[in-house]
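The values are calculated or read from the model by the stated rules, or taken from the named source; none is laboratory data. Computed from a prediction, not measured in an experiment: that's the story for all the values here. No Cβ is skipped: glycine too gets one built from the backbone with ideal geometry, and neighbour counts run over all protein chains shown.
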Amino acid sequence: MYAVIKTGGKQYRVSAGDKLNVETLPVTVGGDVAFDQVLMVTDGDNTEIGTPFLPGVTVTARVVEHGRGEKIRIVTGLGATETGPSVTFVTRGEVRAGMIGNPIPGCEIKLVPNVGKLELRVRGPNVTPGYWRQPDATAAAFDEEGFYKMGDAIRFVDPADPQKGFVFDGRVSEDFKLMTGTWVSVGNLRASMIATFAPLLRDAVIAGHDREEIAAILLLDSDGCRAKFPDLADSQPATLAAHAGLRAALAEKLKLFQSKSTGSSTRVSRVVVLDEHPSIDHGEVTDKGSINQRAALAHRAGLVQELYGETPSDRVISAG
């Protein structure tokens, strides 16, 4: 008999007596931990599969030691499925979050001005010639010179020295205008929110198209939340969303985020916590595991209305 559990963003197949190395848990040596994110249980004859998790099912383990593994060297770059897989890599010098480096050998890039940003387009032997039996999609994906339109924006690390490479500057297809005509850079705003709300936030869906101010739907980081609030009964989204202490902490994080705002395009007025897992069936999760902003906003139209209601619901969090 075995089960498949999730912890620390990874999945593990476990059986009675197994010893696992997992991400750090907020449990002392000798203490017990209950893993409630169980994706599957089977005894060989009968199998139960969750959607994605099995309700009410837990796997219990005991912490026998804490340790630290070998430091892993992280290489950063930018690519897509269609670019097989990479376009750029950081290969030298100082590396900071968001840096994507320089084009790989044989790959050409073109920078096209797009509403105040530089849209990245690429051409090379690593780029797909098109989509199988989808001529319309292929035609829309490439420009007149054969460059693939990735939909990403980039900027120079140092405009005076292009050899220092580029920094990711968000998705041009996700950006939108407020009612005032001010552009909102969704990618940069999400990254700033995740950094300020750490370790509580995994991602955010940004709303505000043709509205006076920005609001957001929060997707919480269950591991970070449970590390901060050990009294949480489980890591299900509904449990996290209802926890009074966690909601108060999110309000404080929102207040801190607002204090860093430089204008309407970087100020989030209020938030609401998503109390269920993102829907794969409704396209909210991409094949790479990231959140599809447009699909999420469409599927969560009711939540967006709550955020902008004249009398916000009890689920809406503001900085006070």
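On the basis of being out of contact with any Ser or Thr (no Cβ under 8 Å at 6 or more places or on another chain) and outside any loop (DSSP other than H, G, I, E, B), does P113 make the cut? Explain how you work it out, then say what you get.
Details: out of contact with any Ser or Thr (no Cβ under 8 Å at 6 or more places or on another chain): yes; outside any loop (DSSP other than H, G, I, E, B): yes.
For P113, the condition - out of contact with any Ser or Thr (no Cβ under 8 Å at 6 or more places or on another chain) and outside any loop (DSSP other than H, G, I, E, B) - is met.
Could you count how many residues in the range 241-296 are outside any loop (DSSP other than H, G, I, E, B), without any contact (Cβ under 8 Å) to a residue 12 or more places away in the chain and in contact with an Asp or Glu (Cβ under 8 Å, 6 or more places away or on another chain)?
0
Which of the residues belonging to the range 1-43 are of a type in the set (S, T, N, Q), closer than 20 Å to Q236 by Cβ and outside any loop (DSSP other than H, G, I, E, B)? Break it down into steps so the answer makes sense when it comes.
Our first condition is that a residue be of a type in the set (S, T, N, Q); within the range 1-43, this holds for 7, 11, 15, 21, 24, 28, 37, 42.
From the residues that got through so far, the ones that are closer than 20 Å to Q236 by Cβ too are 7, 11, 37.
Residues satisfying the conditions are T7, Q11.
For the range 14-27, give me each residue that is farther than 16 Å from D223 by Cβ and surrounded by fewer than 10 Cβ atoms within 10 Å (Cβ to Cβ). Reasoning before the result, please.
Quick first cut of the range 14-27, residues farther than 16 Å from D223 by Cβ only: 14-19.
Selection gives S15, A16, G17, K19.
So, L189, is that one crowded, with 21+ Cβ neighbours inside 10 Å, under 17 Å from the mean Cα position of the chain (by Cα) and without any contact (Cβ under 8 Å) to a residue 60 or more places away in the chain or not? Show your work before the answer.
Numbers: crowded, with 21+ Cβ neighbours inside 10 Å: yes; under 17 Å from the mean Cα position of the chain (by Cα): yes; without any contact (Cβ under 8 Å) to a residue 60 or more places away in the chain: no.
It is false that L189 is crowded, with 21+ Cβ neighbours inside 10 Å, under 17 Å from the mean Cα position of the chain (by Cα) and without any contact (Cβ under 8 Å) to a residue 60 or more places away in the chain.
Taking the condition of being surrounded by 11 or more Cβ atoms within 10 Å (Cβ to Cβ) and farther than 30 Å from I104 by Cα, how many residues in the range 63-89 meet it?
1
So D136 ticks every box in (1) free of Cβ contacts under 8 Å to residues at least 40 places away in the same chain; (2) exposed (fewer than 14 other Cβ atoms within 10 Å of the Cβ); (3) out of contact with any Phe, Trp or Tyr (no Cβ under 9 Å at 6 or more places or on another chain); (4) assigned to a loop (DSSP other than H, G, I, E, B) but one. Which box is left unticked?
Single failed check for D136: (4).
Step by step: first the residues of the range 28-41, then only those that are β-branched (V, I, T) and under 31 Å from the mean Cα position of the chain (by Cα), then the one that is surrounded by the fewest Cβ atoms within 10 Å (Cβ to Cβ). Which residue is that? Give the steps one after another, and end with the answer.
Of the range 28-41, the ones β-branched (V, I, T) are 28-29, 33, 38, 41.
Next, only the ones that are under 31 Å from the mean Cα position of the chain (by Cα) stay: 28, 33, 38, 41.
Numbers: T28: 8, V33: 15, V38: 21, V41: 18.
For the range 28-41, the residue satisfying everything is T28.
Against the definition (at pLDDT below 95, surrounded by fewer than 15 Cβ atoms within 10 Å (Cβ to Cβ) and of a type in the set (D, E, K, R)), how does D223 come out, yes or no? Working first, answer last.
On the way: at pLDDT below 95: yes; surrounded by fewer than 15 Cβ atoms within 10 Å (Cβ to Cβ): no; of a type in the set (D, E, K, R): yes.
It is false that D223 is at pLDDT below 95, surrounded by fewer than 15 Cβ atoms within 10 Å (Cβ to Cβ) and of a type in the set (D, E, K, R).
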